[in-house]
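The structure appears right after this line, and notes come after that.
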Amino acid sequence: MITLEGHLERITYYNEENHYTVARLKTGKDQTPVTVIGFMPAVSPGETLKIKGRWETHPKYGQQLKVDSFEVILPASVDGIKKYLESGFIKGIGPKIVAALISHYKNRTLEIIEKNPEKLADVKGIGKVKAAHISNSWREHHAIRDIMRFLQGNGITTSYSAKIFKEYGKDAVNIIQNDPYRIACDISGIGFYIADRIAQNLGVPKDKPERIKACIIHIIEQFVAQGHTFAYEEQILKRCENLFKIERSKTKDAMLALVDAGELVIEKTADVETYAVYLKSLHEAETGIANRIKAVLSVPIPPLCIDPQQITQEVLRKLAIKLSSEQLNVLQECLSHRVIVITGGPGTGKTTLIRSINAVFELLGKRIILAAPTGRAARRLSEVTRREANTVHKILGYNFKDDFFDKNQDNPLDADAIIIDEASMVDVYLMFYLLRAISMHCVLILVGDTFQLPSVGPGNVLADIINSKKIKTFELKKIFRQAQESPIVMNAHRVRAGKMPNLKKDYMPENLSEFYFIEQNNPDRAVETIVELCSKRIPKVFNFDSVNDIQVLTPMHKGAVGTANLNQALQKALNSGSAGSARKDGRFNIEDKVMHLKNNYQKEVFNGDIGTITSIDTANSRLSVDYYGRKVAYDFAETEELSLAYAITVHKSQGSEYPAVVVPIMTQHFALLQRNLLYTAITRGKKLVILVGSKKAINIALKNDSPRKRFSSLANRLMKGSGISWRKCMGIEPTRDGSSAPHRI
């Protein structure tokens, strides 16, 4: 760790949202200024800083100091105080007022401003209003530094200081000292362990009710992060006892207190003699889905005057497709049910059915909405149907500022039919908001492959809906002749059935296929093979573009064949040019393939979107990424939302298809090797799939057909009773005199 003290000469870049700063620090009279980078809130040119950090060497900009922590050294001399106050951080006071303050209080001026601001009014030309303004400006300027000092004293990174200050303002330190566990709930990215570290440093007893409640919420959130909608009571009791040394009786008391406060819901499970503990929001979502589906199903559907011959003729006329008897049967059922599920593996005609349903509903004059959970899946749906398709968030009118959906039961979607593709990716929360926005007279068609990986968010919605046996479900099993000719499709179905795929090894130009296996048991050699495939062999033999057409899919982030290492190796091979660097650590180059990592509704870029860096402006600390023909600008500080995308995880690939995929599958991935993961990876490739790894790893994946069961009660809720009536769901309840009156539920 290096410590430098110097004069802040110039700020090159400053992000007001997170206080990421690039500045020049002069450490001596004749010294050349050094570049410092990091989170430095509320610093101003002219201030003296004491910085602790580490030297980094940038290939273009040379040596620079990455800030770990810093403090402002307030001047002690009259001349220093004068320069400091004239630097402009207190708005509205000019040289005359500064001179008056210095003349009156001399080297005690800063002490008076900070500790006795009421005495400022004793200075000629400064009244009570101006004194209050100076005091408030001083407090605001230094408040975030107080937070930084507080966090540093508790071993917490200062990068959180901006978020904390934005949430709590000038009273942040007092708020945290009074209830340190608040920050785990109120501020994204600050977890229980950080809050608990602060609490323990402040001397908070380990059995204090606030700590126990925070432990319980933290444990449940861990289960939610793993895809569960609830945790069993016994699991919470054991973890609190073993991990946090909390007595079971006190944990039970805290759970009941959280129930009384409306934060948790506890209910007896249907299949086990124990209790399920839900976050209130998840309980509302799960019960809301079940009640809404039951209500929609209770609405009679009027008969439609169209026979099978008309359906067949219309599809043939519009799409030049002759439907199979299986597809025709499903299409007819779509016209006579409120909710229907269509599932099946690749090559079974799901896409053809979506197009055919569109054609028939248009013939009947019905308004149709097409949507998918992700931007990439929606674009693919639009391409195959040649109709407008959007994300579920977009059709629901999601407002990112207020975290609010514009469409709901009071303002439903204007549609007679809604088709959701890739429905296996829809989690409990999103399905709840979708169903709330569907009118009682709308048809909902869910299309998806339940054998793929489940949603990233909590729940197993599509599988639960199917397993309840309350929703009309069609599993397409017939593989069409054209699909039967594809080794990708046939091997995907073999994997689906737990059988070893046909592993073709020879791919000479005169004997080309779509599916290959390259045996490589050594991880480092596997990386070399993948790089050679992407940079030379596939482009040469199959004429695919190395960056745009080929996607490497891997089970995990870490390790030699994880995303992090593969991306570095592929970037070096495919785009090692010195066109510039977005960050001071040299992470990105122009023409790099990148992925956006989280939904950003302000930029209209979503988790999993892949684009290409088109420009890097080092002078203004900005870069631009092209997403499907639309350019999006990022400040350098925002590039934490980006990662290289030459290699991505299989989970991130859901809802997408690529001309060619290369999949490392090694025994090092043991913890994540599952049949549905291998199946999902294979089905992402349209024209070419190459597995690189060992047969042993493939066998491990094939045998592991019991991925961790997600705790969910949705299927049981759908199977119970009749639920809420459609009249009640529409807000119509009979009054005492028998007439109907509005009623909100």
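The values are calculated or read from the model by the stated rules, or taken from the named source; none is laboratory data. Remember, predicted model here, so these are calculated numbers, not experimental data. Ideal geometry is used to build each Cβ from the backbone, glycine not excepted, and the neighbour counts take in all protein chains shown. Ligands, DNA and RNA are stripped out before the accessible areas are found, and what is left, the full protein with its side chains, is counted by its heavy atoms. Shrake-Rupley method; radii C 1.70, N 1.55, O 1.52, S 1.80 Å.
Gain on full extension, evaluated as 0.36 nm per residue between I266 and K245 minus their Cα-Cα distance, stands at 5.3 nm.
Peptides 133-144, 588-599, 304-315, ordered by how many other C-beta atoms sit within 10 Å of their residues on average, highest first, read 588-599, 133-144, 304-315. Counting only DSSP beta bridges with both residues in the range 620-696, the antiparallel share comes to about 45 percent. Each residue of the range 342-355 was assigned a 3J(HN,Hα) from its phi angle through the Karplus curve 6.51 cos²θ - 1.76 cosθ + 1.60 (θ = phi - 60°); the sequence is 10, 9, x, x, x, x, 9, x, 5, 5, 4, 5, 4, 5 Hz, with glycine and proline shown as x. Can you spot the aspartates and glutamates whose alpha carbon is less than 19 Å from K280's alpha carbon? Ignore those fewer than 8 places along the same chain. Excluding near neighbours in sequence, the set is D186, E210, E221, E233, E234, D253, D260, E263, E267, D403, D427. For K350, the lysines whose Cα falls under 16 Å of its own Cα, not counting residues fewer than eight places away in the same chain, are K322, K472, K477, K478, K686. Rolling a 1.4 Å probe over the protein heavy atoms of the chain, with every protein chain left in place, gives an accessible area that is 48 percent carbon and sulfur. Once you sort the root eigenvalues of the Cα gyration tensor of the range 171-326 as a ≥ b ≥ c, which label holds: rounded (a/c under 1.5), prolate (a/b larger than b/c) or oblate (the other case)? Verdict is prolate for the range 171-326.
Bridgeable lysines around K695 (alpha carbons under 17 Å apart, same-chain partners fewer than 8 residues away excluded): K499, K504, K505, K703. Between L512 and M440, the C-beta separation translates, for a Förster distance of 60 Å, into a calculated FRET efficiency of about 0.65.
Solvent-accessible surface of the range 408-529, averaged per residue with a 1.4 angstrom probe and all protein chains in place: 44 square angstrom.
Among the lysines of the range 111-224, pairs at least eight places apart or on separate chains and with Cα atoms under 17 Å apart come to 5. Would you mind checking the range 1-39 for residues with the amide N under 12 Å from a putative spin-label position 7 Å along Cα→C-beta of W55? Residues 1-3 qualify, since their backbone N sits under 12 Å from the label point.
Expressed as a whole number of Å, what is the distance separating the alpha-carbon centroids of the range 525-546 and the range 583-633? The two parts, judged by their Cα centres, are 25 Å apart.
Taken over the chain, the convex hull of the Cα atoms encloses 211 Å³ per residue.
Solvent-accessible area per residue in the range 149-264 equals 48 Å², computed with a 1.4 angstrom probe and all protein chains kept.
The packing ranking, built from the mean of other Cβ atoms within 10 Å per residue, places the peptides 408-414, 554-560 in the order 554-560, 408-414, highest first. Per residue, the range 598-708 exposes 37 Å² of solvent-accessible protein surface, assessed with a 1.4 angstrom probe and all protein chains in place.
Rounded to the nearest 5, what is the percent of antiparallel bridges among the DSSP beta bridges in the range 1-89?
Values: 29 of 32 bridges.
Here the share of antiparallel DSSP bridges comes out near 90 percent.
Restricting the GluC sites (Glu not before Pro) of the range 1-85 to loop positions (DSSP other than H, G, I, E, B) with no more than 13 neighbouring Cβ atoms within 10 Å leaves E16, E17. Against the chain, whose longest principal axis is taken from its Cα atoms, helix 563-574 shows a tilt of about 90°.
Multiplying the residue separation of L319 and E591 by 0.36 nm and subtracting their alpha-carbon distance yields 94.1 nm. Of all beta bridges DSSP finds with both residues in the chain, what is the antiparallel percent, to the nearest 5? Here the antiparallel bridges make up roughly 60 percent for the chain. The phi torsions of the range 106-119, fed into the Karplus equation with coefficients 6.51, -1.76 and 1.60 and a -60° offset, translate into couplings of 6, 6, 9, 4, 5, 4, 5, 4, 7, 9, 10, x, 5, 6 Hz, rounded to whole numbers, with Gly and Pro shown as x.
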